[in-house]
Amino acid sequence: MTDALEFSHIGKALPRREDFRFLTGQGRYLDDIKLPGALHVAFVRSPHAHARIKAIHAGEACALSGVVGVFTGRDLAQWTTPLRLAPPIEGLHPVEMTTLPVDKVRFHGDPVAVVVARDRYIAEDAAELVEVEWDALPCAIDAVDALAPDAPLVDETLPSNLVSHQSFSAGDVAGARSGAARVVESRFDLHRHTHVPMETRGCLADWDGGQSHLTMHIGTQVPHPMRGQLAARLGLSETQVTVISPDIGGGFGQKIALYREELTVAALARHLGRPVRWREDRMENLMAASHARETRCLTRAAVTADGRVLGLELELTEDFGAYCFYPANYMARVIAMILTGPYRISNYAFDVKVVLTNKCGNGPMRAPMAITSWVMEGTIDSIARELGLDPLEVRRVNAIRASDLPFTMPTGEILEDVTPLETLEAAAGAIDVPTFRTRQAEAKAEGRLLGLGLCTVVESTTYGSGFYKAAGIPGSGHEAAWVRIEPSGVVNASVGLMGSGQGYETPLAQAVAEGLGVSPDQVRVHMGNTDVAPYGMGSRGGRGATAGGGTLYLCAQKAQEKILTIAAHMLNLNDMQGLRLHEGEVERQLTGDWQSTGIGLADVARRAYLDPLSLPSGVKPGLDVSLTYDPPPMTYSNATHACEVEIDPETGMIRIQRYLVAEDCGTVLNPVVVRGQQQGAVAMGLSGALFEQVVYDENGQNQSATLADYMVATACELPNIEIIPMHTPNGRTPAGIKGMAEGGIMGAIGVIAGAVNDALAPLGISVEKMPLSPQSIRAHLRSAEKSGGPKF
């Protein structure tokens, strides 16, 4: 493991500066923004999973006092253009979506009309009065059933519900299979999730008719792409749209797309010439925002007698729901591309299918590749179980070692500066595997079920432009920043990111301070306003630190060069060699020591702005620097999770006794923020694996549209999460930053499944389907009892 780099401000555990306003009730969220005369909207939603719209009767609703109007998909079609996704990717079908449905609805909760009224209460009441005549259609609910030749078509412009199908093969998979001691087959079924941000979706659109300009206040993770989508769909230029994102109460990927409701609100503001606002309620959020994760996988591993993997095959089927807000192959492709992760596997093939069903459409959710580590690590555990080997030893046999780096994965992805074997040994040592096995055997003799899981994660982060080009997906992974030193010497900076609770303001200020040579207290970072921030790709894919922090760091270094050039001229020096800016003071290295020159940043700034004729030849007035940076196609962090559980055989309840993570995430901008991201990601992963589940019945009715039905873990259900920090800088990114926001979810899902299966292994039980609810565990135990196993 490479030694961590030395910095003055990067890596310091500074408190999050935004927490003061949040904890004192001074945060500024969407609902804190008030515009005089703003109208409110409420949406009329489909009670059917699949139905034709025969007629919409709005007379009674329009007659209600305070109602401004009721509008349908046909109205919106006159004011907006459809969303068409047609990237030239083999096996991916083009799809198109109108702003609101015109002819038919595709899922329970699909919005079919919108009511505009003086206040929200009237809008909601009026929405209840809108009558829709329906012609119910058969629905496709299960992804496998939806592939049947006679299945109802979700999108009638497509030949089938198979919206995307890609295959890939590298090496000699057939040869590996024929030369194997055994081929181990494993199945994994990850259920449907949704994001549950504390703050639901919402927006406030304000149209200025005199300026022909739209200002959209919206909690979005991607302000500039949001601006571009709004402009394109409304037939405006980007100069006619400003997106302003206030503080956001959580996003987790759900606040990336331009949703149909948000576009509707913008179009209505323009049509009516008045501000229009919308706030989604919790039932709408659970039912109709976006879902994620529902994926089935089958692996076949060709292995030697000592558990070495000779070849691996993956079959993946993803249930994408009814609509595509993104190219349908995107998330499944990431899973397949990085599946082999921490292991030396050269022969690999995958077959990936993405299927449309009559459910709420899928979108990216924090760690869209969440199933990856469960599938790979579960396959390793299956190999150990079938061959009677120690699962830790099977991991050691297959792990990528330092001597293998850089290692090219079979899909062409390059791993460098990663330490999967080192984190495995750190986690295994900390959890003390031999001692646990002794305790496990003693517990078994007492009729108790203890289990230990290990899960090594290689987490893809950042996603530079090279990734999108290789995937055939239009888009960029670059980021942009500006740094401006004002005449007084204070520092303003901006980047195209937007935080949604991560705590960006402090670590990004640290990155600027490090690159510039000032205290973080001198730096203010501006985000979320497209008229202020440079055009960037926003917050997604664990890119905040590498793309955002890295770009600001490089930009600040560029600004420091100009500062030192001016300072050298003020000191009558020929060049800036031997000068540095440290804590806002220009210092000169003399006889090995750094000594103050008596010139501060404010002195240089005044010269740059107020005395331009005294600047060196060729140096322009001002201290305003901008820069763009495109990261590598992917950067990778890695970690190993270890988890001890005890299962109550009478109730099926899983109790987590200990949980730890050895994580190598490169250079850390701020350990306080990073620890929060690590622990938060683990908590989210455990909650999803143990409690959360979107449930549809056979008629496509959402059965989990309240928080009484969609269960989310609280602090009472979650363990203390121990972190073993490790830091191997990335050699190709600014300051060695990697990113680490999603790996905790990947590891949590994989490790809890491994621990549960380890506990149940003596009973011949292998759990292949999540969530790991008490009901599910009891069902497995009862089945084992009926098959002649011990009774609990």
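The values are calculated or read from the model by the stated rules, or taken from the named source; none is laboratory data. Since the structure is predicted, the reported quantities are computational estimates derived from the model, not experimental observations. Note that we place each Cβ from the backbone using ideal geometry, even for glycine, and neighbour counts take in every protein chain shown. Areas reflect the complete protein model, heavy atoms only, side chains present, ligands, DNA and RNA absent. Shrake-Rupley method; radii C 1.70, N 1.55, O 1.52, S 1.80 Å.
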### Summary
What the Cα atoms of the range 59-118 span along the principal axes, largest first and in whole Å, is 54, 25, 18
### Query
Taking Cα pairs under 8 Å and at least six residues apart, what relative contact order does the chain come out at, in percent?
16 percent
#### Entry: Other-chain or far-sequence residues with amide H under 5 Å of His213's (modelled H)
Asp208
### Query
Over the range 260-365, what percent of the accessible surface lies on carbon and sulfur atoms, probe 1.4 Å?
47 percent
### Query
Just in the range 286-361: which trypsin sites (Lys or Arg not before Pro) are loop by DSSP and have at most 16 other Cβ atoms within 10 Å?
Arg344
## Note on the structure
Per the rule of 0.36 nm per residue minus the C-alpha distance, extending Ser488 to Val183 adds in nm 102.8 nm
### Query
Using modelled amide H (1.01 Å from N, peptide plane; none on Pro or chain starts), what sits under 5 Å from the amide H of Trp134, excluding residues fewer than 5 places away?
Lys54
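Packing-wise, with mean Cβ within 10 Å as the measure, how do 485-496, 524-535 rank, highest first? Could the numbers behind the result be given before it?
Details: 485-496: 21.2, 524-535: 18.7.
By packing density, highest mean first, the sequence is 485-496, 524-535.
Ignoring ligands, DNA and RNA, what accessible area per residue does the chain give at 1.4 Å, in Å²? Working shown, then result.
Numbers: 29320 Å² over 792 residues.
Each residue of the chain exposes 37 Å² on average to a 1.4 Å probe.
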### Task
Would you kindly derive the ³J(HN,Hα) couplings of the range 458-473 from the backbone phi angles with the Karplus curve 6.51 cos²θ - 1.76 cosθ + 1.60 (θ = phi - 60°), listing them in order in whole Hz, with x for Gly and Pro?
10, 9, 6, 9, 6, 6, x, 4, x, 5, 5, 5, 5, 7, x, 9
### Query
Carbon-plus-sulfur fraction of the accessible area of the range 37-160, 1.4 Å probe, in percent?
51 percent
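Leaving out ligands, DNA and RNA, what percent of the accessible area of the range 409-470 is carbon and sulfur, probe 1.4 Å?
Details: 1200 of 2180 Å².
Carbon with sulfur: 55 percent of the solvent-accessible area.
Is any helix in the chain, taking whole DSSP H runs, at least 15 angstrom long along its axis by alpha carbon and on average at least -1.0 on the Kyte-Doolittle scale, and which ones? Provide the component values of the computation, followed by the final result.
Numbers: long enough: 223-234 (16 Å, -0.52); 260-272 (18 Å, 0.08); 371-387 (24 Å, 0.35); 420-431 (16 Å, 0.80); 433-445 (18 Å, -0.81); 505-516 (16 Å, 0.33); 550-570 (30 Å, 0.35); 671-690 (28 Å, 0.64); 743-760 (26 Å, 1.43); 774-786 (18 Å, -1.11).
Span-like helices here: 223-234, 260-272, 371-387, 420-431, 433-445, 505-516, 550-570, 671-690, 743-760.
With charges set only on the Cβ (+1 for Lys and Arg, -1 for Asp and Glu), what does the dipole of the range 178-331 come to about its Cα centre, in debye to the nearest 20? The partial results should precede the final answer.
Values: 17 positive and 18 negative charges, 14 e Å.
The dipole of the range 178-331 has a size of about 60 debye.
Name the longest site-free stretch of the chain, where the excluded sites are GluC sites (Glu not before Pro) in a DSSP loop with no more than 10 other beta-carbon atoms within 10 Å.
157-445
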